[in-house]
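**Q** Structure provided below as structure tokens; questions to follow.
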Amino acid sequence: MSKEILLLSGPNLNLLGTRSPEIYGTDTLEAHVARATARAAVGGFQLRHLQSNFEGVLIEAIHEARGVASGIVINAGALTHTSWALNDALATFAGPKVEIHLSNPAAREPFRHLSTLAGVVSGSIAGFGPLSYELGIDAVVSLLNQ
């Protein structure tokens, strides 16, 4: 079994720390990734992170992870609510997949209530702020160790 977990961050997440801090907090994406990396190491895994503002780059990363990574944690940002292409790509990945969100989409605008990813991921973690990243890693590690 590969000892790699792929962490994917979607559009606008590169702006964390400055974009809508009242919703997403003041931590930067780099801070979230650093904590997720440390958490993965505790579980005996390496973390590879990719952030992109482009849907196709995220899809290609999922395709390339097949047979390489053991699991995927994904914060697809707004693509969560619109991307059936990400859904299709994630469906091709055999390992555990966990969708994460800093905020709670179900408590926000109605368009955010739909997750196009929900049907193909192992589970979703939402609304726990910066802890969402660590909980996502914990979930993947736990599923891999079952």
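**Q** For the stretch 1-110, which fully contained helices (runs of 4 or more DSSP H) count at least 2 residues that are of a type in the set (V, I, T) and within 16 Å of L135 (Cα to Cα)?
**A** 29-42
**Q** State yes or no: is S70 hydroxyl-bearing (S, T, Y), surrounded by 14 or more Cβ atoms within 10 Å (Cβ to Cβ) and in contact (Cβ under 8 Å) with a residue 60 or more places away in the chain?
**A** When the stated conditions are applied, S70 passes them.
**Q** Another question about this same structure. Out of L135, L102, report the one residue that is touching a residue at least 60 places away in the same chain (Cβ under 8 Å) and under 20 Å from I5 (Cβ atoms).
**A** The unique qualifying residue is L102.
**Q** Please verify whether the stretch 49-70 includes one or more residues that are under 12 Å from the mean Cα position of the chain (by Cα) and acidic (D, E).
**A** Checking the stretch 49-70: not a single residue is under 12 Å from the mean Cα position of the chain (by Cα) and acidic (D, E).
A quick yes/no check of all residues on (1) under 26 Å from T26 (Cα atoms); (2) touching a Leu at 6+ places or on another chain (Cβ under 9 Å):
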residue: H49; (1), (2): yes, yes
residue: G77; (1), (2): yes, yes
residue: D88; (1), (2): no, no
residue: E99; (1), (2): yes, yes
residue: A118; (1), (2): no, no
residue: V121; (1), (2): no, yes
residue: I137; (1), (2): yes, yes
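**Q** Here is a follow-up. Run down R35, R39 and say which single residue is charged (D, E, K, R), under 16 Å from the mean Cα position of the chain (by Cα) and within 20 Å of S122 (Cβ to Cβ).
**A** R39
**Q** Scan the stretch 112-124 and give yes if some residue there is part of a loop (DSSP other than H, G, I, E, B), within 26 Å of V42 (Cα to Cα) and among the hydroxyl-bearing types (S, T, Y), otherwise no.
**A** The answer is yes; a qualifying residue exists.
**Q** Of the residues G127, G119, only one is free of Cβ contacts under 8 Å to residues at least 40 places away in the same chain, more than 10 Å from the chain's Cα centre (by Cα) and at positive phi; which?
**A** Checking each option against the conditions leaves just G127.
**Q** If you don't mind, another one. Do you know which residues across the stretch 131-146 are assigned to a loop (DSSP other than H, G, I, E, B) and within 20 Å of R48 (Cβ to Cβ)?
**A** Correct list: N145 only.
**Q** Looking only at the stretch 92-122, count how many residues are aliphatic (A, V, I, L, M), surrounded by fewer than 18 Cβ atoms within 10 Å (Cβ to Cβ) and either modelled with pLDDT under 90 or more than 22 Å from H63 (Cα to Cα) (or both).
**A** Going through the stretch 92-122 one residue at a time, the tally reaches 3.
**Q** Considering only residues that are in contact (Cβ under 8 Å) with a residue 40 or more places away in the chain, of a type outside the set (G, A, S) and surrounded by 15 or more Cβ atoms within 10 Å (Cβ to Cβ), look in the stretch 17-40 and name the one that is nearest to E60 (Cα to Cα).
**A** For the stretch 17-40, the residue satisfying everything is V33.
**Q** Can you name every residue in the stretch 15-69 that is of a type in the set (V, I, T) and under 23 Å from F93 (Cβ atoms)?
**A** Correct list: V33, T37, V57, I59, I62, V68.
The values are calculated or read from the model by the stated rules, or taken from the named source; none is laboratory data. Keep in mind that this is a model prediction, so the values were computed, not measured. No Cβ is skipped: glycine too gets one built from the backbone with ideal geometry, and neighbour counts run over all protein chains shown.
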